[in-house]
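Working notes, beginning with the structure itself.
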């Protein structure tokens, strides 16, 4: 066996019971080439400090739990490997733009509220009974929205977004990508209801089109595209509502 | 349930978009003509931008329209950009930021319109 390699991992710690503010702690972690940053953090918890708190579950970039700032970039800790950082030190911090609950665990309640606000479920265009059978959708209709179904709610895009940092009420890239996912679904008829959120002062026009959200997205959802396409939709809605016989949705 | 207020940003966003299109299509060639070609006599005659010629251009219906569109849309485009940049550096969206940006663009629009009208046809 070759010589054991050691990596320094600097972790932002915050224990709400005893700390006034977050502080850094450095750990020397032995690692093998197949170890992810998440495994490094787990090693610290198992061997150095059992109080270190972080979220994780699947270890394979599908649950979206282990988002962290790794050397200042929002990433899933499970799909980034220690070997790619060695021999430099790795800094691991809680996701930007969220209040820290403890260590690497952030408070996601604001995000959950935004997610609820955009009604991320199919609101049927024409309700069907079970007897009427299933909703038929062509592959072309399916391909309209499939990209935006890949979101795993990891909130890396929120940690990346400078506007979320300046304006925490901004609905944000992830929720907007899901809003678009349902609006584009041929079975859905909820666009007008969701427009109230998209076209609001907390909606798409807060976006400054930086595009960093799409860059950090681990599932290639391209939430920045969803936000910017909805600027066009919201602008159309703004002016065309005056021409609508019903007087528009609102 | 939380209530949402409709944003009137589409007005400014569309002016920004139209101005961006104008800037992309005509900005470089305008810089070339007014800043390089005419001053150093490259490709164009030295008197291409002389007062009588520019006056004639501004009095022509098409020339007048082009000047107005170029001036007012460029102004709204830059105003919107500065408005968002101010937000990024800590002067947040409010009456002051709007006055400094959209207000200036509105004034530029009025001045351009009045002067192009006064200059005659």
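Since every read-out is calculated from the coordinates, none of them should be taken as a lab result. Just so it is clear, the model here is predicted, and its values are computed rather than measured. Cβ coordinates were reconstructed from backbone atoms using ideal geometry, including for glycine residues, and neighbour counts include every protein chain displayed.
Take the Cβ atoms of residue A:209 and residue A:79, set R0 to 35 Å, and the FRET efficiency comes out at 0.85.
With the cut-off at under 12 Å, measuring from each backbone N in the range B:76-106 to a point 7 Å along the Cα-to-Cβ line of residue A:201 picks out B:93-95. Taking the longest Cα principal axis of chain B as reference, the axis of helix B:104-118 is set at about 30 degrees. Averaged over peptide B:7-15, the number of partner chain Cβ atoms lying within 10 Å of each residue's Cβ comes to 6. Between residue A:220 and residue A:137, residue separation times 0.36 nm minus the direct Cα-Cα distance comes to 27.5 nm. Classify chain B as rounded, prolate or oblate from the Cα gyration tensor: take a ≥ b ≥ c as the square roots of its eigenvalues, call it rounded if a/c is under 1.5, otherwise prolate when a/b beats b/c and oblate if not. It comes out prolate by the Cα gyration axes.
Can you tell me how chain A classifies by the Cα gyration tensor, rounded, prolate or oblate, using a/c under 1.5 as the rounded cut? All intermediate terms of the calculation are to be shown ahead of the outcome.
On the way: a/c = 2.67, a/b = 2.02, b/c = 1.32.
Taking the square roots of the gyration eigenvalues as a ≥ b ≥ c, chain A is prolate.
Shielding of peptide A:224-231 by partners, expressed as the average count of other chain Cβ atoms within 10 Å per residue Cβ, is 1. Using C-alpha pairs below 8 Å separated by at least 6 residues, the relative contact order for the range A:109-240 is 31 percent.
Just to confirm the number: angle between the C-alpha axis of helix A:223-240 and the first principal axis of chain A, 0 to 90 degrees, nearest 10? Its long axis makes an angle of about 30 degrees. When the helices of the protein assembly as shown are scored as -39500 (n - 2.57) per DSSP H run of n ≥ 4 and the total is divided over every residue, the value at 222 nm lands at -13000 deg cm²/dmol.
Against the main long axis of the alpha-carbon atoms of chain B, helix B:61-88 sits at an angle near 40°.
Contact order, relative form, for chain A: 17 percent (alpha carbon pairs under 8 Å, 6 or more residues apart, mean separation divided by residue count).
Taking every C-alpha pair closer than 8 Å and separated by at least 6 residues, the mean separation divided by the residue count of chain B gives a relative contact order of 30 percent. Working from label points 7 Å from Cα in the Cα-to-Cβ sense, the residue A:89 to residue A:51 distance is 2.1 nm. Site pair residue A:71 and residue B:66 shows an inter-label distance of 5.2 nm when each label is modelled 7 Å from Cα along Cα→Cβ. For the residues of A:201-211, the average number of beta carbons from a partner chain within 10 Å of their own beta carbon is 4. Comparing A:68, A:35, A:60 in a Gaussian network model of chain A, where Cα atoms under 10 Å apart are tied by springs, the biggest mean-square fluctuation is seen for A:60.
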